[in-house]
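Structure, as structure tokens:
Bear in mind that the values in this text are calculations on the coordinates, not laboratory data. Predicted, not measured: the structure shown is a model, and the values here were computed from it. In this analysis, Cβ positions are derived from the backbone assuming ideal geometry, glycine residues included, and neighbour counts consider all displayed protein chains.
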Amino acid sequence: MQQKTIERIRGGDLDAYEVVVRKYQGILLGYAAHRLPDIDAVQDVVQLTFIRAYEQLDEYESER
């Protein structure tokens with residue numbers, strides 16, 4: 001993710017986070033679908049992943 005996008009999100013720009021979600025949700029859904037038998041569980045896990053990522057955004061280090 002670009003540092004500029006991270007700063008926008010940290011500043012409260014939820015539209016910027018929506019762009020991130022849309023960019024990565026397909027990849028995460030596909031990954032989870034290969035590991036979980038239930039589509040509802042897949043969607044729940046991906047949603048919780050994005051929530052957790054948002055909550056921990058202050059810990060994000062672009063260098064890593």
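Worth pointing out:
- Cα centroid separation, segment 1-41 to segment 48-64 (Å): 10 Å
- Two-decimal log10 I(q)/I(0) for the chain, as the Debye equation yields it once each C-alpha is a single scatterer, q = 0.16, 0.29 Å⁻¹: -0.57, -1.24
- Relative contact order of the chain, taken over Cα pairs closer than 8 Å and 6 or more residues apart, is 38 percent.
- Highest average packing first - 32-38, 57-63, Cβ atoms within 10 Å: 32-38, 57-63
- Using only side-chain charges placed at the Cβ, +1 for Lys and Arg and -1 for Asp and Glu, the dipole size of the chain relative to its Cα centre rounds to 240 debye.
- Relative to the longest principal axis of the Cα atoms of the chain, the long axis of helix 14-33 makes an angle of roughly 30 degrees.
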